[in-house]
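Quick notes on the structure that follows.
The values are calculated or read from the model by the stated rules, or taken from the named source; none is laboratory data. As the structure is a computational prediction, the values presented were derived from the model and not from experiment. So basically every Cβ, Gly included, is an ideal-geometry build from the backbone, and we count neighbours across all protein chains shown. Quick note on the areas: whole protein, heavy atoms, side chains included, nothing else; ligands and nucleic acids left out. Shrake-Rupley method; radii C 1.70, N 1.55, O 1.52, S 1.80 Å.
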Amino acid sequence: MRVSRSGRVLQAMLVAQVALAGLIVFGDFRQVLPDLFRANPAPPAAVPVRPGDQTRRYAPRDLPRDLPAGPGFPRSDQVPARLKFTEMTVDGARTVLLEGAIEPGDAARFADYLEQRAAVPEQIALHSPGGSVSDALDIGRMIRAAEVPTLMQAGAACFSACPYILAAGTERRVSRTALVGVHQHYFGESTLLPAFVAVESIQHGQGEVLDYLGEMGIDLRLSARAMQTPPANIYILVEDELTDFALATEMVD
């Protein structure tokens, strides 16, 4: 059967597209192949940190469960798949605990939650492995607009995008036994795309984060620590960094 000229052109375009897709995937695979067979040398997040030894392993759906928790902290056996809003009383204040992964759409859910409440909570507590950066920034702006303090209780952890929510509190109390950690973000781009395609998205997303931290009065060195830490790890901030970077306005027991 004879193929028309236009048909041959379409076939050639299809072959070229398949070949390009193969090169992209192969190039990405070559980059990640060594990591598939190499164990992450960083210790788990629950291992205590000290200045200069602050890099720990990071699992997006996991948080350390063997931290010494304070009274009244309802830590779940499993991290919720998306943010869960739990009302409780902490130190006599009406508190909402944001617990779980931050998924796309959680900012809209949080806005609806606040709208349905009779009164704005007196403080927001956090326990989250992070997730969607854009949703975290939107949630943070809602918290700052409502002029609500944020809190990290004893035994809680706040990783990846979660510290951006912590940063939004008009006051930010952090327990000395809580963990706050940062690392690089993907900003939603496909991990199958090569670096030259993803650079624009990464730079745009990082610019949004820098603008946000400036709005919240946070030292931009926090973003530097994040950019220096690969996504498979988490950089746990020590007390001096939490206060020097203004991420914590008060450290508590």
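Things worth noting here:
- K84/L210 FRET efficiency (R0 41 Å; Cβ-Cβ; nearest 0.05): 0.90
- Segment Q228-D66, length gained on full extension (0.36 nm per residue, minus Cα span): 55.6 nm
- Look at the Cα gyration tensor of the range 52-93: its axes a ≥ b ≥ c give a/c of at least 1.5 with a/b at or below b/c, and that counts as oblate.
- Modelled this way, with points 7 Å down the Cα-to-C-beta line, the labels at E115 and E147 are 2.3 nm from one another.
- Three-way shape label, the range 71-178, alpha-carbon gyration tensor, a/c 1.5: rounded
- Computed magnitude of the charge dipole of the range 79-145 (debye, nearest 20; Cβ of K, R +1, Cβ of D, E -1): 40
- If R0 equals 30 Å, the separation of the Cβ atoms of V238 and A39 corresponds to a calculated FRET efficiency of about 0.75.
- Shape category assigned to the range 56-124 from the gyration tensor of Cα positions, a/c cut at 1.5: oblate
- Taking the Cα centre of the range 43-130 as reference, the dipole from Cβ charges on Lys and Arg (+1) and Asp and Glu (-1) amounts to some 240 debye.
- Rounded to the nearest 10 Å², the accessible area of E239 at probe 1.4 Å: 80
- Under-5 Å amide H pairs with R94, H placed in peptide plane, nonlocal only: E122
- The range 57-126 versus the range 233-250: alpha-carbon centroid distance in Å: 20
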